[in-house]
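One structure is given below, encoded as structure tokens.
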Amino acid sequence: MIERKDADGIRVLKLAHGKVSAMDVELGDAFTHEMAAAMDPAVRAVIVTGSGSSFSAGVDLFRLINDGPDYARRFLPILDEFLRSALTLPKPVIAAVNGHAIAGGCILAAACDHRIMTDGAGWIGIPELAVGVPFPALPLQIMAARLSDAALRELVFTGRTVDVDEAKALGLIDEKCPQGLLLDRAHDVARRLMSIPATAFALTKAAFVAPILERVRLLADVNARVAEEWMQQHTYDTIRRYLEKTVKRTPTS
């Protein structure tokens, strides 16, 4: 589900959960566990990457509509912890985006401190509204911290995904690199960030993160209404129609 590899103080975590590492309760729990384990003093930086043609395709929508409200009620807090664990780890976290990073996959990358995407590897974006679900507070505020207000609104309301060059221009990623060099470049960035004194890095990162978490706190009432919307039948009907148009398989496959 998540492959771990350590070398010279750098821990590489490769998402390898199904074909596209779709986010579900199992992957969320496993990732949060890995972030907690990365507090080991021997780990000085973390690289998060994916497998195959995807970094992550985001929330497992088929699981969501198949398992219904009880699953959504369980999943949403796990999704929050999934993203929060990357956002708040007091060490450098580098996203090595090897392929498509859609919806939750894009947000996971945005939760990292530095984002590198392979040139020509795939598409990245936040099509949640096109799918038919409103943004929970934490994912939206993570994206708001990475993008200009104009870029955020355009990407949210259109739901479009973009290629690596537009992603860099918009601020979805920090840099692109040639095919075959992604992990080498991610290690270079990790070593550079590791050269910063650990306490200085952790405190500065905490200062960047604190306003994000404060905005999430202030949005608690709205977020509760968002969660309720994720549990409504009309939401599942909208997701099902989206999947029928965009993914040529049935919800039970």
**Complete:** Rounded to the nearest 10 degrees, the helix 137-146 long axis (Cα) sits at an angle to the longest Cα principal axis of the chain of 50
**Message:** When a/c reaches 1.5 or more, the comparison of a/b and b/c decides; with that in mind, is region 2-194 rounded, prolate or oblate per its Cα gyration tensor?
**Reply:** oblate
**Prompt:** What spacing in nm lies between the two simple spin-label points modelled at residue 208 and residue 43, each 7 Å away from Cα in the Cβ direction?
**Reply:** 1.9
**Prompt:** Label point 7 Å out from residue 151 along Cα-to-Cβ: which residues of region 82-114 have amide N under 20 Å?
**Reply:** 87, 93-114
**Message:** Just to confirm the number: angle between the C-alpha axis of helix 25-37 and the first principal axis of the chain, 0 to 90 degrees, nearest 10?
**Reply:** 20
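When a/c is below 1.5 the answer is rounded, else prolate if a/b is larger than b/c, else oblate, so apply that to region 62-153 with a ≥ b ≥ c taken from the square roots of the Cα gyration tensor eigenvalues.
Details: a/c = 1.57, a/b = 1.37, b/c = 1.14.
Prolate, since a/c reaches 1.5 and a/b exceeds b/c.
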**Request:** Give me the lysines in straight-line cross-link reach of residue 176: C-alpha distance below 29 Å, same-chain residues under 8 apart excluded.
**Result:** 5, 14, 19, 91, 168, 205
**Request:** Assuming a ≥ b ≥ c are the square roots of the Cα gyration tensor eigenvalues, decide whether region 180-253 counts as rounded (a/c under 1.5), prolate (otherwise, with a/b larger than b/c) or oblate.
**Result:** oblate
**Nearest-ten-degree value, helix 182-194 long axis tilted from longest Cα axis of the chain** = 60
**Prompt:** Peptides 98-110, 124-136, 33-45, 217-229: what's the order by average Cβ count within 10 Å, highest mean first?
**Reply:** 98-110, 124-136, 33-45, 217-229
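Using a cut-off of 13 Å between beta-carbons, work out the net charge of the residues near residue 234 (Lys and Arg +1, Asp and Glu -1, residue 234 not included).
Values: positive: 240, 241; negative: 228, 229, 237.
Summing Lys/Arg as +1 and Asp/Glu as -1 gives -1.
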**Fill in**
Only helices counted: for the chain, with every DSSP H run of 4 or more residues adding -39500 (n - 2.57) and the sum spread over all residues, [θ] at 222 nm is -17000 deg cm²/dmol
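Computed from the coordinates by the stated procedures, all read-outs in this text should not be read as laboratory data. In this text, all values refer to a predicted model and were calculated from it rather than measured experimentally. Note that each Cβ is placed from the backbone with ideal geometry, even for glycine, and that neighbours are counted across all protein chains shown.
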